[in-house]
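Encoded as structure tokens, the structure appears first; notes follow it.
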Number of protein chains: 2
Amino acid sequence: MTKETVKAIQDVYPDDYAWCYGCGRLNKDGLQLKTKWEGNQTVTTYTPHAEHMAIPGFVYGGLIASLVDCHGTGSASMALHRKNGHEIGDGEEPPRFVTASLHVDYLKPTPHNTELKAVGTIEEIHPKKWKIYTEVFAGGINCAKGEIVAAVMPDTFK
Amino acid sequence: MTKETVKAIQDVYPDDYAWCYGCGRLNKDGLQLKTKWEGNQTVTTYTPHAEHMAIPGFVYGGLIASLVDCHGTGSASMALHRKNGHEIGDGEEPPRFVTASLHVDYLKPTPHNTELKAVGTIEEIHPKKWKIYTEVFAGGINCAKGEIVAAVMPDTFK
């Protein structure tokens, strides 16, 4: 299977959990972020829309926060899925995570009209709780870094 | 002047800085968040749209992050404006801030179809750098808390 044909984790979320504005494939008005493996790291790319500006020429911070967030929960799902012996697209439903906390440091103004690339590094801190460190690049420049703590979706969400 | 006639800080941002997807009054596709004083605290209310879900019934985390972010930069602008001897709508342009860092703790799933209320408490940590603590309520329930460090907009943004 070539890299290009590997599905994103969001492509195999159960339908009931595929509605997130940030990363739900069924949310037609949302960002539809897609997260894939790249070696032992995870990658999500997204090109902001014209309206996603802070001021003309720069991307607004909330979009970068959403990217770090959904990239992080997707990455945690991928990591636990792999730990459980599964890979994206093998027919097994992956676990779903929610965000316990989100932190973003805005390092530089993020230029608009450029594809953003979030690169994630995953750390297990508990069998049901994972930390994902993410760097966000725009045209190769590291404009933001962030991390989330993601927890396996609790019953209160179901 | 009654409370209801007091303008929001975003109503008096200079036009060039009124395009933010989160809080720009000129961004017709954005959230158009509005932040006002309530005593010595600041308040922003927003009712999420139908598409702003995490899963059906609950608001997605990126929207809450955007709310904490734009509410925070607006609050910082209001605080420095007041410190400089001005009030919203007195004809003086307020200072504009950018977010240096953003942190959000998601305390409970945030119910959809309910107005969100962000309540901010402001701390000056440097003449050009402010910290804003924010609690986000949905129907009176504190669903998230967050803080940002906001800095006066640097020349790299201009």
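So, in Å, what gap is there between the alpha-carbon centers of segment A:94-141 and segment B:104-143?
The distance from the Cα centre of segment A:94-141 to that of segment B:104-143 comes to 22 Å.
Using a label point 7 Å beyond Cα on the Cα-Cβ vector, give me the inter-copy distances for B:Asp11 in nanometres, one decimal, shortest first.
List, nearest first: 4.9 nm.
When only Cα pairs under 8 Å and 6 or more residues apart are kept, what is the percent relative contact order across chain A? List each step's numbers first, then the result.
Numbers: 329 pairs, mean separation 36.2, N = 158.
Averaging sequence separation for qualifying contacts and normalising by length gives 23 percent for chain A.
Considering only the other residues whose Cβ falls under 11 Å of the Cβ of B:Tyr46, what net charge follows from Lys and Arg at +1 and Asp and Glu at -1? List each step's numbers first, then the result.
Details: positive: B:Lys34, B:Lys117; negative: B:Glu115.
Once all neighbours under 11 Å are counted, the net charge is +1.
With viscosity set to 1.002 mPa s and temperature to 20 °C, compute the Stokes-Einstein D of the protein assembly as shown, Rh being the Kirkwood radius across alpha carbon pairs; µm²/s, no decimals. Kindly include the intermediate steps, with their values, before the conclusion.
On the way: Rh = 19.7 Å.
So the translational diffusion coefficient is about 109 µm²/s.
Within a Cβ distance under 10 Å of A:Met78, other residues only, what is the Lys/Arg minus Asp/Glu net charge?
That works out to +2.
Once you list every other residue whose beta carbon is under 10 Å from the beta carbon of A:Val104, what net charge do they have if Lys and Arg are +1 and Asp and Glu are -1?
On the way: positive: A:Lys145; negative: A:Asp69, A:Asp105, A:Glu147, B:Asp69.
Here the count lands on -3.
Relative to the first principal axis of the alpha-carbon coordinates of chain A, what is the inclination of helix A:61-83, with its axis defined by its Cα atoms, in degrees from 0 to 90 and to the nearest 10?
Helix A:61-83 sits at roughly 20 degrees to that axis.
Could you work out how far the C-alpha centroid of segment B:1-60 sits from that of segment B:77-92, in angstrom?
A separation of 18 Å, based on Cα centres.
A:Glu123 label points, 7 Å along Cα→Cβ, one per copy: pairwise distances from this copy to the rest in nm, shortest first?
Copy-to-copy label distances at A:Glu123, shortest first: 2.4 nm.
Could you list the residues of segment B:110-133 with an amide nitrogen less than 20 Å from a label point located 7 Å from the Cα of B:Asp155 in the Cα-to-C-beta direction?
What the label zone holds, given the 20 Å backbone N cut-off, is B:127-129.
Kindly give the distances from A:Pro111 to its copy-mates, label point to label point, with each label point 7 Å from Cα along Cα→Cβ, as nm values to one decimal ordered shortest first.
With the label placed 7 Å along Cα→Cβ, A:Pro111 yields 4.7 nm.
Every number here is computed from the coordinates shown, using simple stated rules; none is lab data. Here the structure is a predicted model, which means the values were calculated and not measured. Note that each Cβ is placed from the backbone with ideal geometry, even for glycine, and that neighbours are counted across all protein chains shown.
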